[in-house]
Structures are given as C-alpha cells and as structure tokens.
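Comments concern the structure below.
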Amino acid sequence: MTQQSTSLLVGLLAGVSAALLLVSAGSPSSLSFILFAAAAVPVLIAGLGWSNLASIVAVVSAMAVIGFATTPQAALVSAVTTLTPAAWIAHLYNLARPAEEIGGAEGDVVWYPLSDIFLNIAGCVCIGLVAVGLALGYGQEFVGQLVDVFVSTLKDSNAEYQPTAESLSEMKEFFFFALPTIQAAIWVLILLAGWYFASAIVRLSGRSKRPKDDLPSQLRMPRLGAMALAAGVLMSFIGGGIGLVGWTLIGAFGMGYAASGYAIAHHRTRGKPARGLLLWAVYLATVIFTVPLAFFFFLGLFDTARTFNTTGSGRNSKP
C-alpha cells in the first residue's frame, strides 16, 4: 500500500471515529463531555502520525458522517470548533526548517515553536466560537432560553428554589457575557489536552516526526497573545457583538496564560521535595476555589516567551 493510500485509509478511519464521538456526545449522559472533548484526538493522531492529507480526509469524512447522522449545521459547527482546528494544530506541529535560517548550527532542524502553536490554539477557538455564535444567532433571547432551561432543571431537583424575576434577569445578563468567556477557556483546555494525548500516542507508536517537547519549560504564550488579550479587554467595554468577541478573546487567551502559569509551576518545582504533593494541592485548590487561576494567569502573563525545539542532525549540531 502506498503512502498516499495509507493516509487516505487512516484519515477515513479517524474521521469516522471523530464523528462517532461527536454524535454520541449529542446524547445527554454523564460521558457526553468526555466524548466531546476526545473528538479532536483521532484527527490529531492522523495528522501528527501520518500526513496533512490524512487529517484533511478525517475532517471531510467526519463532516459527512455527522451531516448524514444529524444535520448539516451540526457538521459545520463540529468542523469549525473541533475538526479543522485539530487538523491545523497537527500541521503546525510537524512544520520544521533548517536552523541555519535563524542563525543556528548547520545541519540542525528547528521545529515550529510550541508557543506559537499555543497561540494558534487560542486563535482557532476564538474564530470558531465567533462563527458558531453568528450562525446560531447568539443573543439575549438565546441566552434567556438556556437560563430558563437551567432554572427549570434546578426547580425540579429543589422545590425550594424559586428565584425572583429580578434575580432571573440578573442571571441572564451575567451569562450573556460569561458564556463566551467560559466556553472559550474550556475549549482552549480541550484542544490543548487533545493535542497532548494525541502527540503522546503518536510518539509511543514510533510515528512521531518531532522530538518530545519539554512542556514545563516551553509551554508559554508569546507576546502577541498579550496584545490579543488587551484587545479583548478594550472590546469588552464597547458592548454588543464587538463586546462579545472581546469576552471570547479574554476567555481564550486568558486561559492560555493561566495554562502557561501552571507549566511554569511544573518547571520551577522540578527536583523539589514533595513536588507531586504540591502540584496535586495546587490543582485541587483550583478545582475547588478557582481563585488560584488568577495567580497562575498573572504568572504566565509576566513570563511570555517564544520557545524553539531543535533537532541535531548535522556535523555541527550540538548534543
């Protein structure tokens, strides 16, 4: 079987797998979120371990299956938010060029910076969510319906919960701006986790083209991310559609800097006594209180960097 035929077959299998995960996630269950989060992994594996052709075929075949099983609109939403970003991340991860072009040693290869991949993840999330918001007609009425369903569910589980009209109105106003921020932040984590697991699987299989990245020292958001975050803050004061885009930027790039902060914590605690216990305590505190997110956000914000991964292969390469 030729390399192209293998890529086509792998892409087809990956696309069907991703589609099944997304369609299954549409059925309410305790596993829905996990299935939805895992949907990017097959596309990432196809792109990281085989080729761009494999990831493209995966995206197209997944859209076809989802469109047939549900609706064309669902297929487009899946493509914009999950499938296409996964294929793009895989493409960037395998990009490399001679180190000589940036002043490195002759014969060395420099891989696409992990920090720039991280920037692209946040950017893809913003573009995808804004596109979905426009397609679905995101607005006060849309959020109001979601809040009404949420409140109705709470009333069914707790008969004593009877919010006033004023508190209900405040809740709808809060979620109108909070939903884009929360959704963007969660989606950055989902794509980041999907890439992490997919790259680990491909590396263990021996098909990885790129050497292992040192995430604690390399996972940083570049300075361009700070500009996007600042733009989001300014746009959030304008209100309306522009304000919603601003809140989406805040969620995506804010979570990007928070994740960088956690990577810094991993890096700076290397070799320290009880490192594992300390990190577990940090993550547990984040889950319970969420306040530590702010600390790690600022930690990541004040340690921006553009990191490179170099493979030595020439006579002048360094060990």
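Selection within the stretch 38-53: residues that are outside any helix (DSSP H, G or I) and small (Gly, Ala, Ser). The member of this set that is surrounded by the fewest Cβ atoms within 10 Å (Cβ to Cβ) is Ser51. Could you check how many residues of the stretch 73-110 are at pLDDT 90 or above and in contact with a helix residue (DSSP H, G or I) (Cβ under 8 Å, 6 or more places away or on another chain)? Qualifying residue count, the stretch 73-110: 22.
Could you grab me the full set of residues in the stretch 35-57 that are of a type in the set (Val, Ile, Thr) and touching a Leu at 6+ places or on another chain (Cβ under 9 Å)? Answer for the stretch 35-57, where residues must be of a type in the set (Val, Ile, Thr) and touching a Leu at 6+ places or on another chain (Cβ under 9 Å): Val41, Val43, Val57. Within the stretch 1-20, the set of residues being hydrophobic (A, V, I, L, M, F, W, C), surrounded by fewer than 22 Cβ atoms within 10 Å (Cβ to Cβ) and either assigned by TED's automatic domain parsing to the domain that holds Leu204 or in a helix (DSSP H, G or I) (or both) comprises Leu8, Leu9, Leu12, Leu13, Val16, Leu20. The residue list Met221, Met255 contains one member that is of a type outside the set (D, E, K, R), surrounded by 16 or more Cβ atoms within 10 Å (Cβ to Cβ) and outside any helix (DSSP H, G or I), which is Met221.
Table: residues versus (1) surrounded by fewer than 21 Cβ atoms within 10 Å (Cβ to Cβ); (2) under 16 Å from the mean Cα position of the chain (by Cα); (3) part of a helix (DSSP H, G or I).
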residue	(1), (2), (3)
Tyr196	yes, yes, yes
Gly225	no, yes, yes
Met235	yes, no, yes
Gly246	no, no, yes
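Among the residues of the stretch 197-211, those identified as hydroxyl-bearing (Ser, Thr, Tyr) and within 18 Å of His91 (Cβ to Cβ) are Ser199, Ser208. Answer yes or no: is there a residue in the stretch 130-146 that is assigned by TED's automatic domain parsing to the domain that holds Leu249, closer than 30 Å to Gln218 by Cα and touching a helix residue (DSSP H, G or I) at 6+ places or on another chain (Cβ under 9 Å). There is at least one residue in the stretch 130-146 that is assigned by TED's automatic domain parsing to the domain that holds Leu249, closer than 30 Å to Gln218 by Cα and touching a helix residue (DSSP H, G or I) at 6+ places or on another chain (Cβ under 9 Å). Within the stretch 187-231, the set of residues being free of Cβ contacts under 8 Å to residues at least 24 places away in the same chain and not charged (D, E, K, R) comprises Tyr196, Ala200, Leu204, Gly206, Met227, Ala230, Ala231. Taken as a whole, the structure leaves Ala14 outside the set of residues that are within 18 Å of the chain's Cα centre (by Cα) and in contact (Cβ under 8 Å) with a residue 40 or more places away in the chain.
The values are calculated or read from the model by the stated rules, or taken from the named source; none is laboratory data. Since the structure is predicted, the reported quantities are computational estimates derived from the model, not experimental observations. Glycine also receives a Cβ, built like all others from the backbone with ideal geometry; neighbour counts cover every protein chain displayed.
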